[in-house]
1. If residue 193 meets every condition in (1) hydrophobic (A, V, I, L, M, F, W, C); (2) open to solvent by less than 40 Å² (accessible area, probe 1.4 Å); (3) in contact with a helix residue (DSSP H, G or I) (Cβ under 8 Å, 6 or more places away or on another chain) apart from one, which number is that one?
2. Kindly indicate which of 61, 49, 42 is within 20 Å of residue 227 (Cβ to Cβ) and not aromatic (Phe, Trp, Tyr).
3. Which of the numbered conditions does residue 263 fail, given that it passes all the others? Conditions: (1) touching a helix residue (DSSP H, G or I) at 6+ places or on another chain (Cβ under 9 Å); (2) within 16 Å of ligand 2 (Cβ to nearest atom); (3) of a type outside the set (S, T, N, Q); (4) closer than 24 Å to residue 215 by Cβ.
4. Of all the residues that make up segment 194-240, how many are in contact (Cβ under 8 Å) with a residue 24 or more places away in the chain and either under 30 Å from residue 29 (Cβ atoms) or in a helix (DSSP H, G or I) (or both)?
5. Which members of segment 128-151 meet the condition of being within 16 Å of ligand 1 (Cβ to nearest atom), open to solvent by 10 Å² or more (accessible area, probe 1.4 Å) and small (Gly, Ala, Ser)?
6. Taking segment 222-240 on its own, how many of its residues are open to solvent by 10 Å² or more (accessible area, probe 1.4 Å) and either on the phi > 0 side of the Ramachandran plot or within 15 Å of ligand 2 (Cβ to nearest atom) (or both)?
7. Restricting attention to segment 301-311, does a residue exist that is out of contact with any Asp or Glu (no Cβ under 7 Å at 6 or more places or on another chain), within 14 Å of residue 194 (Cβ to Cβ) and assigned to a loop (DSSP other than H, G, I, E, B)?
Amino acid sequence: MNTKNILITGGAGFIGSNFINYILSSRDDWNVINIDKLTYAGNLENLKGSEKKKNYSFVKGDITNNELIDYVFKKFSIRYVINFAAESHVDRSILGSEVFYRTNVIGTNVLLEASRRYGIEKFVQISTDEVYGSLGADGLFTEQTPLSPNSPYSSSKAAADMAALSFYHTYGVPVVVTRCSNNYGPLQFPEKLIPLMIINSLNNKKLPVYGDGLNVRDWIYVTDHNKAVELVFENGKTGEVYNIGASREMKNIDIVKLILSKLDKSFNLIEYVKDRPGHDRRYAIDSSKIQNELGWKPEYEFESAIEKTIDWYLNNKNWWERIINGSYKDYYDQQYGKG
Ligand code: NAD
Ligand code: DAU
């Protein structure tokens, strides 16, 4: 068996840990090296079960650290990179943008430079539909939609995409970029809409809905995203971009009401609050390219997958209580009240 040495960055976060847990449970031809800085969003508890596998190694470190990245490439004979690591939360990028440009842009550049030096075989850059900006009532983002990011987060991701593609065109680094819509599922940090609304409902706290609540996001279950990433890793054409989405548009207020209904809580918990500055109105993905070229299609229906997600938070209270009483405590108490 030919084992592949694959550097996965940000593997202690929401999507990265789901990816590693999925990969290590389904195949043994990948030797996974996970590098993660363990910021507030990184949690090694997410990797229970994977951490003991012999084809898994963990390095605590920062992707912006050139020397460390060079050492890791050498020590583990890295041949492939999947770059999940990022500062990922739009609201935080509005409060302070510097770390977003440092990690998302400089960090990606450090990984690309090492990939160039070591002549690796594939570099998958995990990006987002937010790089396309905002849609009106109609239309979908295709891979040809011009980039028009509106937040410090999305502009840093757009810059990283451009850096990655420039390394393909200039140096022949075998880069592929994926752009996915909003993910939901187990292990998502409770600052994002769906887990935050579940947890606040359970704690009988207010559910803050930005603006008029009519902004639209296109939701995909995290495993569907990760299976698409696996396929792009295996068969995606270098120099190309692949959109990933499950065609499940929902207004924010409808998601919030659905969560309250499932948990048998009153709509009185909903509180309309000041809108997010620069709030993108609507995202919607055309994923026909990855469906037609690579044969991917989403497997999870929103109705059952959101129930599965809510159940996960109900059954894993210890996981999120440790977060809201730990690294997230000051921010959480300040935003949503103590006790
Ligand atoms: P997350 O915030 O849950 O996890 C990010 C991980 O990266 C954390 O474990 C963190 O510790 C690590 N990290 C941050 N800075 C680092 C650094 N400098 N060096 C090493 N590790 C560092 O994010 P997520 O939601 O899992 O998103 C993962 C990727 O997917 C990101 O690139 C994001 O832009 C992209 N994405 C996310 C979504 C979504 O809905 N969450 C949708 C599309 C694309
Ligand atoms: O589209 C992909 C992107 O999805 C990813 O690239 C980002 O990493 C990820 O964070 C997510 O970005 P969003 O800004 O869309 O996700 P968030 O969960 O922060 O918000 C979803 C929607 O809900 C958005 O319209 C803002 C709104 N919202 C969010 C929060 C946290 C509220 O109304 N109230 C809230 O408290």
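1. Unmet condition: (2).
2. 49
3. (2)
4. 28
5. 134, 151
6. The qualifying residues number 1.
7. no
Conditions tested, residue by residue: (1) of a type in the set (Gly, Ala, Ser); (2) open to solvent by less than 10 Å² (accessible area, probe 1.4 Å).
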position	(1), (2)
166	yes, no
197	no, yes
209	no, yes
213	yes, yes
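The values are calculated or read from the model by the stated rules, or taken from the named source; none is laboratory data. These numbers were taken from a predicted model, which means no experiment stands behind them. With ideal geometry, Cβ positions are generated from the backbone for all residues, glycine too; neighbour counts draw on all protein chains shown. In case anyone asks, the SASA skips ligands and DNA or RNA and just uses the protein heavy atoms, side chains included. Shrake-Rupley method; radii C 1.70, N 1.55, O 1.52, S 1.80 Å.
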